[in-house]
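Beneath this line is the structure, given in C-alpha cells, with notes to follow.
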Amino acid sequence: MPTVRSVARHRTRAPLWARLMVILGVVLMAFSAATLLSGRYLLIRYAKSLHLENLLGDARARGSSIDGPVNVLLVGLDERPGENADGVRADSVVIVHLPAGHQQAYLVPVPRDTLATIPAFPKSGYPGGRDKVNAAFEYGSQGGGGRAGGFALLAMTVRQLTGVSFNGAAIVNFGGFQSLVTALGGVDLCVDETVVSIHVGTDASGRFHPPYQMTDDGPVPIPGTTPQVYRPGCQHMRAWQALDYVRQRELLPDGDYGRQRHQLQFLRAVLTQASRSRVLSDPVRLDAVLRAAGPALTFDGGGAPIGSWLFTFRNIRADRSVLLKTNGGAFNTAELDGQQVELLTDLSLTLFQQLRRDALDEFVAAHRDWVVSPFS
C-alpha cells in the first residue's frame, strides 16, 4: 500500500484555459437562456450545434427531473476536436450546483491534483487504485473507452470523493475558447500587474518565436527573442492575446494564484463585453457566439431536453453566481510515491456535505473568505 507523506510546499500544475472555458460555458448558457427561450428557431439551431453524448454512466442521479436542486459536472480537456481521448487527463473539474429555487449557481472546483480512490472500470480494463482525481479520465478512456468512458470513470471518482451525484455533464475544449472570444470581437481587460509571456514572442526579424524554453528548473530565456509583455492598465485584447494572458503563471510573483485571478477577471470581461455589445439580447449575434462555442461542447442532459435545461438556467445572472475556493484556496499538499498530491481538508468535506444538503448558502455565510472575487 503506497504511503502519503505531508509536504510543506507544492508547485501546482493547475489547468490553464480549460478551467476558464468550463466556467465561461456555464455562465454563457445561464445568461443566454432567456434570449434563447424567446426564439424557438434559435433554440433548435443551438441544440443542433451541440454534441450530445451519454457521459455520466453510473454517476448519474436517479431520475431525469431537474425541478429540484441540480448538480452538473463540468470538465475541461487539453485536446483538439477529433483527437483520440486515450492518454488525456482532465485539466479542470468543476461541480456546478443550482439550489432548488434555480435563482443562482455555485461553482465548486475539485483540484485536479486531489488524491482520490479511483474505482475499477472493467470497460477499459482499469483495476482500480489511488491517484490524482484527473487521472480517472485517462484510465477510463483507455482500451477504446474514449471520452465517454473517461468521463464516466471520472464522474464515479468525483462522486465517491465528494458524495455528489450529477443531473448533467459537459466537456469543453480549447477550440471553443478562442473562437468564442473571436466571435465577441475580443475583450477589454484591466491588467493588474506586469505579465511576461513565456509562450509568445518575436525574434530580431519580428517573426513569431517562443521566448522561453521550458526546463525542469523552469522557463529559460531564448537568446535573440523578445517576449510579449502585458503592462498594467485597461486595454483591448484580441482572442490570442487574451488566451496568452490568462495562461501565464511561471513568471508571476504569485504563480498560479495570480493566474487564477486573471482568469476570473477575464470571465468578467467576457460577460461585460457581451452585455455592452448586446450579444445576449440580440438573437442573431448570440446565435453566432453560441455556434462558435457549440462544437467545442459535449453535453449530457441526463435525460432532460435542452429546452428544460435552458429554462432551468433562465434566472441566473453574474451577481447570482458564486465561485468557491476548495481548501480555501490554500495548498494542502502531500507526497504519494514520489509525486505531490492535494488532500481535501475537513472544511472542504463539510463544503461538499452542505452542497449535498442544498445548503451552500449557510456555508458561504459562515466562510466568506472562501468566495472568489474577480479582482482579489
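The values are calculated or read from the model by the stated rules, or taken from the named source; none is laboratory data. Everything numeric here is computed off the predicted structure, so don't read it as measured data. In this analysis, Cβ positions are derived from the backbone assuming ideal geometry, glycine residues included, and neighbour counts consider all displayed protein chains. These area figures cover heavy atoms from the full protein model, side chains too; ligands, DNA and RNA do not enter into them. Shrake-Rupley method; radii C 1.70, N 1.55, O 1.52, S 1.80 Å.
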Between R368 and R231, what is the FRET efficiency for a Förster distance of 30 Å, r being their Cβ-Cβ separation, to the nearest 0.05? 0.40
Evaluate the distance, in nm, between pseudo-label points positioned 7 Å from the Cα of E193 and of E250 along their respective Cα→Cβ axes. 1.7
Starting from the Cα of Q353, step 7 Å toward the Cβ, then list every residue of the stretch 131-161 with an amide N under 19 Å from that point. 159-161
Leaving out ligands and nucleic acids, and using a 1.4 Å probe, what accessible area per residue does the stretch 175-219 come to in Å²? 48
What is the spin-label model distance, in nm, from W240 to R62 if the labels are put 7 Å beyond Cα along the C-beta direction? 5.4
Approximate spin-label separation A100-N54, in nm, with each point projected 7 Å along Cα-to-Cβ: 3.1
Reduced to Cα centres, the span from the stretch 200-255 to the stretch 121-135 in Å works out to 36
For the pair D203 and T272, what calculated FRET efficiency results from E = 1/(1 + (r/R0)^6), where r is the Cβ-Cβ distance and R0 = 35 Å, to the nearest 0.05? 0.50
